[in-house]
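> Provided herewith is a single structure, encoded as structure tokens, for subsequent inquiry.
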Amino acid sequence: WDNADFSRGVGTTFYQEFPTLNTAKPPFVRDVEAKVQRYLRSSYSAAWTLKITWEKAPVYAARTDTRKTITYQAVLTTDGFRSYILMLYQDGGMQWDYTRLPSTNVLIGYT
């Protein structure tokens, strides 16, 4: 996500931590567990989860256009043995016009 540019005061980044080793699990964590179980066909019980949200993030360079923004999240979760990441994008996926970025070899995801 190195092409997000918050330098013009547009957009926000925030996070929420869910330590759930010995506590009741909120609906968000139960939903994360269900997704891991469904996609990986594996039993999973989260001990810790972190949700990071980039809200209305403008594309780099924001000095040229702050109207095209996107909202996306990364959810990191672990049971203390296995760790997973869920990458969630607003409906419609990535909305930035990648043809206008300084580099055109863009990638959505991680390597």
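The values are calculated or read from the model by the stated rules, or taken from the named source; none is laboratory data. Note that the coordinates shown come from a computational prediction; the quantities given were computed from them, not determined experimentally. Cβ atoms come from the backbone with ideal geometry, glycine included; neighbour counts cover every protein chain shown. All accessible areas refer to the heavy atoms of the entire protein, side chains included, with ligands and DNA or RNA removed. Shrake-Rupley method; radii C 1.70, N 1.55, O 1.52, S 1.80 Å.
> How would you classify the range 12-100 from its alpha-carbon gyration tensor, with a ≥ b ≥ c the square roots of the eigenvalues: rounded for a/c under 1.5, else prolate if a/b is greater than b/c, otherwise oblate?
Judged from the Cα gyration tensor, the range 12-100 comes out prolate (a/c at least 1.5, a/b above b/c).
> Accessible area per residue for the range 12-100 in Å², computed with a 1.4 Å probe and the full protein assembly in place, what is it?
Per-residue value: 65 Å².
> Run the accessible area of the range 7-85 with a 1.4 Å probe and give the carbon-and-sulfur part as a rounded percent. Could the numbers behind the result be given before it?
Details: 2610 of 4990 Å².
C and S atoms contribute 52 percent here.
> Going by average Cβ density within 10 Å per residue, which order do the peptides 70-81, 16-27 take, highest to lowest?
Values: 70-81: 16.3, 16-27: 11.7.
Taking the mean over residues of other Cβ atoms within 10 Å, the ranking is 70-81, 16-27.
> State to the nearest 20 debye the size of the charge dipole of the range 12-100 about its Cα centre, where the only charges are +1 on K and R beta carbons and -1 on D and E beta carbons.
Details: 12 positive and 8 negative charges, 25 e Å.
Dipole magnitude for the range 12-100 comes out near 120 debye.
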